[in-house]
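J.: Questions regarding the structure given below will be posed in turn.
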Amino acid sequence: MVSLCRSTAILLIGASRVAFAQSTEPASDRASRSLSDDAQWRALLHCAEIHPERSAAPCRSKINSGSFFLDPNGANDAEAELRATVRAFRSGATDLRCRYPARHGWLRSQLPGLAEGGPCPALDEWVSTIAPESATLVFPSTFVNNPASAFGHTLLRIDPAAQPPDSRLASYTANFAARTHGENAFSYALKGLFGGYDGVFSVAPYYQKVTQYSDLENRDIWEYDLNLSPDEVRRLVLHLWELREIPFVYYYFDENCSSYLLSLIDTVRPSLALRREFPLWVLPVDTVRAIIAREGLVKRSIFRPSLATKLRHRIAHTSPTLRERALRVAAVDPSNPEHLDHEALADLSPDEQSDTLDLAYDYLTYNRILSRDEGNAAKRHSWQLLSRRAQLGRKDALPPLPPPRFSPERGHETMRLALGIGREAGRWFTQYRFRPVFHDQLDRAAGYLPGAQIIFLETAIRQIEEAGARLQELTVLDIESLSPRSRFFRPRSWTVGFGAQRRRLRSHALTAEGAKRDTIDETTLLYGKAGAGISALGPGGALYYGLIGAQLLQGDALDQNFSLGAGPRLGVIAQLSDRFALRAEGGALHYEIGDRHNDLRANLALQYALNTNLALRFTIERTQGFGVRSDGGLLELHYFLRPTK
Amino acid sequence: MKRNVLVLLAALAIPQIGWAESNNVGSCGWGSKLFDGQRGVAPQVLAATTNGTSGNQTFAVTSGTSGCSQDGVVRSTWKTAAFIDANMNRLALDMSRGEGESLGSLAGLMGVAPADQHAFAAKLQGNFAQIFTNSAVSSADVAQGLKNVLAADDQLAKYSANV
């Protein structure tokens, strides 16, 4: 069998050599260079420069390992790699042919003389288990109380043919992620930002991802069915096999899970040139936008609610009486299971009992996961509820959960420019602000998690009449997570932030004659702040919050060059209508250590959304701190844009 | 890759000693327990650590590459065994309610015909206590219970071999 295939191959190669002397002879420089310039070849090598059709630029592959390349200089020289690959395939080396099935498949289509070769058992078993037919882009979005996850994540799910929607859980996924070693959050952040990690693709069943993202992390998932042909999906899987254990360069901002997923899709259809759209940084939600924007690339989207979202839906559809009963069921001591029937479920019809048990179980599961309770009592309790529920023999009566009006990619773009005019201490000014990512409490909430704010590297430059331009504020990081409490949910609200800001402070200097002189100086202070507290939903859906926070200031103008204080903040964020939003806040900080002083602040901001990516914001503020009372107002125009070409 | 193929071949060659478990979950040596492994994620400020691959993220999709010997067993039943082992909590919930996506996926993996699916779900709900026998039941025991419950039903007995 084998010898027959090989002799057939030799015949074919011989025939092709006669018939197509020049174009199929890779030894000829012109032919191999023209092949290696092809976008498809360069995509398979993950070259940095991907032109949709061809490019002769040096490859500079993103792959961080020599073992992926057959030529010692393969990472930089696509032509040398192509020649080495063809040489290897022609030599009949089965293990190399079976290691690079995507390269082999494409080269065979370009070089008719190249033999098909025999079966590859491990590869064939792997591919037939995955059974690739169609692909779906999976986007797990925000996790309540974890704003860092607001940037989202993307992975790809490969579905077999004729897969009913009910059985998608057993499909396999391709996921790119950094290879971490369980470091603490700061090490992780630093290494991730500055390229201290490699990244790899891994393959796992979708149910593993759903359990992780949906149940354990409470992230809603959006699934976008892609319009890739079965042949394209099969080639994607073959290329994935080539990428097993292969490390890539990883940078949190621009060489991450989403950028490499775009590259992966580009390898099967280089004309898409998705990766090229993002020359700066790559946010997962922006890559979803880019893919959806391609005509016909997405067939439809499906919403998969998280455990928390399903719980909220169930609570909303349960009567107040049964809600109370569910809480009672949840409070039953598992060592006295008879209390379940005699007290918690007493006098309820079987339908009411099953509704109560369903709510109680979901609530218990949510809490057990959140509190990381792995004790036997909690497990016994959960099992008792399930057993009791099975005995009732009914189905779940909950009406289906409608998907949110706005999927994440329909929210405002992630980059913001703001142009404003205002008045401060009797002088007019113009202000320019630039924020690369992401969302603040007043920006239009559609597609974003309410109450979650992430600001990163926002810069504000203020030009005051007669006094010139100055850096008003540099917000390195400002995160606010305000999640409302209820009978069922008791999250803590918290904030953290640091940066630099311009302050006006009154200083007391001694003149040469020894007299005291009061001046108001402008200075730049560094600040770091953190706070925690609670939020609650009030009438009309307004979010009320109260936080206690601490703040550390550093600056030459301060006594002892620093100041440490603490105090409360109270506020409300309200959506007055579809376009109008309001935020009012008051806060006080008493600085006791270092430069002793008080800092009081009250502000009111009103936002009007002109459309998804354009808004007006009017803010008035009064501050009293460092001996200076200051009133100001500002009117800004906000423009949201995408960081792409 | 070549090494994994050799491992698979070697595993198939070794005779099965002590073939006590008559379902695939047990023979693969898995044994996750009900309600285990459900630790949630503590709030993270700076890191989306959940997107990292710390842990045993692999490429393994088939029996050979994960060290589970499958002497003559059809690949689909291996997938079923893996599914039961990894989805205990969701399966318990779905079975108690007589419906659900995980239960539907299990039926799909086991090749349950559309005409039998209603009976399948109802049977398992009615016999929940024989399958999820206690709060710390292992996946091997769940698979065995499932197998027995199906085997005892005229309409569904043909699926019991698929567990």
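J.: Which one of these does A:Pro402 not meet: (1) free of Cβ contacts under 8 Å to residues at least 40 places away in the same chain; (2) part of a strand (DSSP E or B)?
T.: Unmet condition: (2).
J.: Determine which member of the set A:Ser335, A:Ser387 is within 14 Å of chain B (Cβ to nearest Cβ) and part of a helix (DSSP H, G or I).
T.: When all the criteria are applied, what remains is A:Ser387.
J.: Restrict the check to region A:140-154 and report whether at least one residue is farther than 30 Å from A:Pro403 by Cα and in contact with a helix residue (DSSP H, G or I) (Cβ under 9 Å, 6 or more places away or on another chain).
T.: no
J.: Filter region A:206-228 down to the residues that are touching a Lys or Arg at 6+ places or on another chain (Cβ under 9 Å) and in a loop (DSSP other than H, G, I, E, B), then identify the one that is nearest to the other protein chains (Cβ to nearest Cβ).
T.: A:Leu228
J.: I'd like to check something: does region A:118-135 contain any residue that is away from chain B (no Cβ under 14 Å), hydrophobic (A, V, I, L, M, F, W, C) and under 37 Å from the mean Cα position of the chain (by Cα)?
T.: yes
J.: Does any residue in region A:74-86 that is part of a helix (DSSP H, G or I) come within less than 7 Å, Cβ to Cβ, of a residue that is among the aromatic types (Phe, Trp, Tyr) six or more places away or on a different chain, and which pairs are these?
T.: Every condition considered, the pairs that remain are A:Ala78/A:Trp41; A:Glu81/A:Phe69; A:Leu82/A:Trp41; A:Thr85/A:Tyr100.
J.: Something else now. Identify the residue in region A:212-249 that is among the acidic types (Asp, Glu) and buried (at least 21 other Cβ atoms within 10 Å of the Cβ) and, among all such residues, is farthest from B:Asn87 (Cα to Cα).
T.: A:Asp220
J.: Do we find a residue being within 13 Å of another protein chain (Cβ to nearest Cβ), among the charged types (D, E, K, R) and either under 30 Å from A:Leu137 (Cβ atoms) or outside any helix (DSSP H, G or I) (or both) anywhere in region A:359-367?
T.: Checked against the condition, which is being within 13 Å of another protein chain (Cβ to nearest Cβ), among the charged types (D, E, K, R) and either under 30 Å from A:Leu137 (Cβ atoms) or outside any helix (DSSP H, G or I) (or both), region A:359-367 yields at least one hit.
J.: Right, something else. Can you pull out every residue in region A:420-440 that is within 18 Å of A:Gln501 (Cα to Cα) and either assigned to a strand (DSSP E or B) or of a type in the set (Phe, Trp, Tyr) (or both)?
T.: Within region A:420-440, A:Gly420, A:Gly422, A:Arg423, A:Glu424, A:Phe429, A:Thr430, A:Gln431, A:Tyr432, A:Arg433, A:Phe434, A:Arg435 qualify.
J.: Which one of these is surrounded by fewer than 23 Cβ atoms within 10 Å (Cβ to Cβ), under 37 Å from the mean Cα position of the chain (by Cα) and among the polar types (S, T, N, Q): A:Ser109, A:Ser67, A:Ser91, A:Ser149?
T.: Step by step, each of A:Ser109, A:Ser67, A:Ser91, A:Ser149 is checked, and only A:Ser67 is surrounded by fewer than 23 Cβ atoms within 10 Å (Cβ to Cβ), under 37 Å from the mean Cα position of the chain (by Cα) and among the polar types (S, T, N, Q).
J.: Take B:Ser96 and decide whether it is buried (at least 22 other Cβ atoms within 10 Å of the Cβ) and of a type in the set (S, T, N, Q).
T.: Against the criterion (buried (at least 22 other Cβ atoms within 10 Å of the Cβ) and of a type in the set (S, T, N, Q)), B:Ser96 qualifies.
J.: Looking at (1) over 21 Å from A:Thr519 (Cα atoms); (2) part of a strand (DSSP E or B), which one does A:Pro643 not meet, given that it meets all the others?
T.: It fails just one condition, (2).
J.: Can you name the number of the only condition in (1) more than 14 Å from B:Asp36 (Cα to Cα); (2) surrounded by fewer than 17 Cβ atoms within 10 Å (Cβ to Cβ) that A:Ser354 fails?
T.: Of everything listed in (1) more than 14 Å from B:Asp36 (Cα to Cα); (2) surrounded by fewer than 17 Cβ atoms within 10 Å (Cβ to Cβ), A:Ser354 misses just condition (2).
J.: Could we say that A:Leu370 is within 11 Å of chain B (Cβ to nearest Cβ), touching an Asp or Glu at 6+ places or on another chain (Cβ under 9 Å) and either modelled with pLDDT of 95 or more or closer than 30 Å to A:Val288 by Cβ (or both) here?
T.: no
J.: May I pose another question? Does A:Glu232 qualify as being more than 13 Å from chain B (Cβ to nearest Cβ) and either under 18 Å from A:Thr173 (Cβ atoms) or not in a helix (DSSP H, G or I) (or both)?
T.: Judged against the criteria, A:Glu232 is a match.
J.: May I ask you to list the residues in region B:96-112 that are at the interface with another protein chain (Cβ under 7 Å from one of its Cβ atoms) and assigned to a helix (DSSP H, G or I)?
T.: Correct list: B:Ser96, B:Arg97, B:Glu101, B:Ser102, B:Gly104, B:Ser105, B:Gly108, B:Leu109.
J.: Another question about this same structure. Look at A:Ala177 and say whether it is hydrophobic (A, V, I, L, M, F, W, C) and within 23 Å of A:Ile291 (Cβ to Cβ).
T.: The answer is yes for A:Ala177.
J.: Looking at A:Ser258 and the list (1) of a type outside the set (Lys, Arg); (2) within 14 Å of another protein chain (Cβ to nearest Cβ); (3) part of a loop (DSSP other than H, G, I, E, B), which single condition is not satisfied?
T.: (3)
Matching residues to (1) at pLDDT 95 or above; (2) more than 27 Å from the chain's Cα centre (by Cα); (3) closer than 18 Å to A:Gly420 by Cα:
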residue: A:Gly567; (1), (2), (3): yes, yes, no
residue: A:Ile573; (1), (2), (3): yes, no, no
residue: A:Leu576; (1), (2), (3): no, yes, no
residue: A:Glu585; (1), (2), (3): yes, yes, no
residue: A:Ile593; (1), (2), (3): no, yes, no
residue: A:Asn613; (1), (2), (3): yes, no, yes
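J.: Could you pull out the residue among A:Gly375, A:Gly393 that is free of Cβ contacts under 8 Å to residues at least 40 places away in the same chain, surrounded by fewer than 17 Cβ atoms within 10 Å (Cβ to Cβ) and facing chain B (nearest Cβ under 9 Å)?
T.: Exactly one residue qualifies, and that residue is A:Gly393.
J.: With the requirement that a residue be closer than 28 Å to A:Asp124 by Cα and without any contact (Cβ under 8 Å) to a residue 40 or more places away in the chain, what does region A:233-264 give you?
T.: A:Leu262
J.: May I pose another question? Sort out which residues of region A:285-328 are of a type in the set (Ser, Thr, Tyr) and touching a strand residue (DSSP E or B) at 6+ places or on another chain (Cβ under 6 Å), and write them in order of number.
T.: Hits for region A:285-328 are A:Ser301, A:Ser306, A:Thr309.
J.: Considering B:Ala161, B:Ala136, which residue is closer than 23 Å to A:Tyr366 by Cβ and either without any contact (Cβ under 8 Å) to a residue 12 or more places away in the chain or surrounded by fewer than 17 Cβ atoms within 10 Å (Cβ to Cβ) (or both)?
T.: Result: B:Ala136 is the single residue among B:Ala161, B:Ala136 that is closer than 23 Å to A:Tyr366 by Cβ and either without any contact (Cβ under 8 Å) to a residue 12 or more places away in the chain or surrounded by fewer than 17 Cβ atoms within 10 Å (Cβ to Cβ) (or both).
J.: Right, next: What number of residues within region A:185-205 are at the interface with chain B (Cβ under 9 Å from one of its Cβ atoms) and not in a helix (DSSP H, G or I)?
T.: The qualifying residues number 8.
J.: Would you check which residues across region A:460-485 are part of a strand (DSSP E or B) and surrounded by fewer than 17 Cβ atoms within 10 Å (Cβ to Cβ) and list them?
T.: Of everything in region A:460-485, those that are part of a strand (DSSP E or B) and surrounded by fewer than 17 Cβ atoms within 10 Å (Cβ to Cβ) turn out to be A:Ile461, A:Gln463, A:Gly468, A:Ala469, A:Arg470, A:Leu471, A:Val476, A:Leu477, A:Arg485.
The values are calculated or read from the model by the stated rules, or taken from the named source; none is laboratory data. If you're wondering where the values come from, they're calculated on a predicted model, not measured in any experiment. Note that we place each Cβ from the backbone using ideal geometry, even for glycine, and neighbour counts take in every protein chain shown.
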